[in-house]
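The values are calculated or read from the model by the stated rules, or taken from the named source; none is laboratory data. No experiment lies behind these values; they were computed from the predicted model shown. Every residue, glycine as well, gets a Cβ built from its backbone with ideal geometry; the counts of neighbours run over all protein chains shown.
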Amino acid sequence: MFKNILGYKFDYRTAFVPIVIGAVAGIFGVLFLEAIHLFTDIFLVKFVGYIPPKPLGEGGSLDYNFVMEHPYLLPVATALGGLIVGILTHFFSPESAGVGTDAAIKAFHERKELGLKTAFWKLITSAITIGSGQTSGKEGPIALIGASIGSFVGKLFSLSEKERNIAMAVGLGAGIGGVFKAPFAGAIISSEVFYKRDFETETLIPAFIASFVAFIIVASVFGFSPLFFVQLPPFSGFSVYDAVGYIILGFITSVIARVMIFALDWARGLFDRLEVHPVFKPAIGGFLVGIIGMTVPVAIGTGYGWLQMIMMNNLGDFPPWKIVISVALVILAFAFTLGSGGSGGVFGPSLVIGGLTGASVYFFLRDFAGFPESSTFNLTAFTVVGMVSTFAAAAKAPLSTIILVAEITGGYQLLVPATISVAVSHFFSGEKSIFKSQVNTKLDSPVHREEFKYLILNRYTVRDVMERNVITVSPDTTVITASKYMQENNISVLPVVEEGNILIGLITSTDVIKACEMDMGDTTVKEIMNPNPIRITQDLTLFETISIFIENNIGAAPVVNNLQENILIGIVSDYDIGKVLTKV
């Protein structure tokens, strides 16, 4: 009943379906953020006596004072949260474990249907993971939640398989755009995140619509201000020192991204080899994270509030030496959380680790290399650019992360520094992505393989693949002689020609078998040949040719110069066409 109302057909190309996806994703985004607040209050505030700082865009305060009344209970809280998540993921929703974005990417490439059940369980398990203090991000969960919503809405509106897949990508972008108050970046992520070196361009327009709808709904509850409040000096130019500083930052964040990927793979391998019931693995990982959190509280939860304090140069509870050692410790905590099977995402930890890296590089260049302070060389700028530069390198998503700078900070002053740093970090980051299910290009995705085969078959013509050295027989050749030709040359068809290489018929191995009852030594090819065989011209595309083969149930056909003169110039078979496709 949804397909056609008042004569109007709804599909993903129109505004209606993306609006529905965006609205539902926005509602789930609000529920997800509220669930994180709820579990944070239960595990950290009431149990541990720790109120994590928040970025100003989430209601944080500049007057924050760090207090943890019962630090010895933090490992208990994180382990308990991990145990609950282990039970839920093992018995109710295995797909909710690990990195949500990667699960969504895998579902996209495999055209796997997701549903509201997946969205619900991912919301609960990730909220518990983050709320109990483990190092995780909101992006992964909301990406999988949004993708599940898109898949569900696509099925609800009876969209085609291809359209449902696009709806899934649209939902992924809408979820991220809403929760991070970054609708432009969310829409671009929905196109960029599936590939290392390509884009899913068909998702862009509906994703923009869905992301803005989700953003409006989430921001109506939590405010329209950017996630982080950033105060930069008035822009006064861009010096050589600034450029060199951001090139150095780009290179170092590319190394940090590689370390993150290695650490996550190492932790996964460690917990895979651990001979305990899967239910207990997230609890063990959570306990280790709690130990780290007792040392550096930035490793607890999302850590965004601590980044906000660094941006505001509020370093009373977080001196430079602690910022530097936090880089390695937060990487470990991130690896233990997700490597043990905890539920969450890599975007948040990437931002935190990147922000800490940016601040560390700033301190080094200022204190040891003597770089002068400027409107673009300062602690705030390096923290912000370090955040996005690290994620761009780890996730192979440079474009969306550059846009993200403007949206999460509310300004465009850092676009040039971010572009320099992101370009360098992406270049040196290598082939490995933190999302294992990413593929290089559309050509490598099962979703587009058939489409590319069609395009390739239309790109080549018969002229490109036909066999020009054709073995032929005359109409007076005996059948026994023709049979020997076929056996000796391992062929199944023989064109029959007369003077001038004019095609007058075709003999196949089937024709020879039928002639076995006759005197093959006296019977000529002319008596058993097909006088009107299917003929192909050399300007036909391979797609047109294979269509003719399928329609006529044949595997090969003679190629003539034109259908009037009938001069044989070659032969083409399904094997010749298949050789082109195997190169895909």
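What the table shows:
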{"item": "Flag if residue 211 is polar (S, T, N, Q), in a helix (DSSP H, G or I) and either within 13 Å of the chain's Cα centre (by Cα) or outside the structural domain of residue 84 (by TED's automatic domain parsing) (or both)", "result": "no"}
{"item": "Qualifying position, being more than 14 Å from the chain's Cα centre (by Cα) and on the phi < 0 side of the Ramachandran plot, among 428, 391", "result": "428"}
{"item": "Count - residues of region 543-579 that are part of a strand (DSSP E or B), under 15 Å from residue 530 (Cβ atoms) and not small (Gly, Ala, Ser)", "result": "4"}
{"item": "Among residues of region 40-89, those that are surrounded by fewer than 17 Cβ atoms within 10 Å (Cβ to Cβ) and within 29 Å of the chain's Cα centre (by Cα), counted", "result": "1"}
{"item": "Evaluation of residue 228 against (1) surrounded by fewer than 22 Cβ atoms within 10 Å (Cβ to Cβ); (2) in contact with a helix residue (DSSP H, G or I) (Cβ under 7 Å, 6 or more places away or on another chain); (3) not in a helix (DSSP H, G or I) (one fails), failing number", "result": "(1)"}
{"item": "Boolean, residue 500 is more than 22 Å from residue 549 (Cα to Cα), touching a helix residue (DSSP H, G or I) at 6+ places or on another chain (Cβ under 7 Å) and either in a helix (DSSP H, G or I) or in the same structural domain as residue 563 (by TED's automatic domain parsing) (or both)", "result": "no"}
{"item": "Among the residues listed as 498, 517, the single one being surrounded by fewer than 18 Cβ atoms within 10 Å (Cβ to Cβ), charged (D, E, K, R) and in contact (Cβ under 8 Å) with a residue 12 or more places away in the chain", "result": "498"}
{"item": "Qualifying position, being more than 49 Å from the chain's Cα centre (by Cα), among the hydroxyl-bearing types (Ser, Thr, Tyr) and farther than 18 Å from residue 556 by Cβ, among 472, 523", "result": "523"}
{"item": "Among (1) surrounded by fewer than 22 Cβ atoms within 10 Å (Cβ to Cβ); (2) among the aliphatic types (A, V, I, L, M); (3) in contact with a strand residue (DSSP E or B) (Cβ under 9 Å, 6 or more places away or on another chain), the one test that residue 338 misses", "result": "(1)"}
{"item": "Number of the exception - residue 553 against (1) out of contact with any helix residue (DSSP H, G or I) (no Cβ under 9 Å at 6 or more places or on another chain); (2) more than 23 Å from residue 486 (Cβ to Cβ)", "result": "(2)"}
{"item": "Residues of region 231-268 satisfying the condition of being of a type in the set (S, T, N, Q) and either buried (at least 17 other Cβ atoms within 10 Å of the Cβ) or not in a loop (DSSP other than H, G, I, E, B) (or both)", "result": "253, 254"}
{"item": "Qualifying residue in region 232-244 (condition: assigned by TED's automatic domain parsing to the domain that holds residue 376 and farther than 26 Å from residue 378 by Cβ)", "result": "no"}
{"item": "Those residues of region 303-316 which are buried (at least 24 other Cβ atoms within 10 Å of the Cβ) and outside any helix (DSSP H, G or I), in sequence order", "result": "303"}
{"item": "Selection from region 317-374 of residues that are acidic (Asp, Glu) and assigned to a loop (DSSP other than H, G, I, E, B)", "result": "317, 373"}
{"item": "Top-ranked residue in region 520-542 [being free of Cβ contacts under 8 Å to residues at least 60 places away in the same chain and not in a loop (DSSP other than H, G, I, E, B); ranked as farthest from residue 455 (Cα to Cα)]", "result": "524"}
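Conditions (1) hydroxyl-bearing (Ser, Thr, Tyr); (2) under 14 Å from the mean Cα position of the chain (by Cα); (3) within 14 Å of residue 104 (Cβ to Cβ); (4) not assigned by TED's automatic domain parsing to the domain that holds residue 219, marked per residue:
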site	(1), (2), (3), (4)
151	yes, no, yes, no
167	no, no, yes, no
171	no, yes, yes, no
182	no, no, no, no
189	no, yes, yes, no
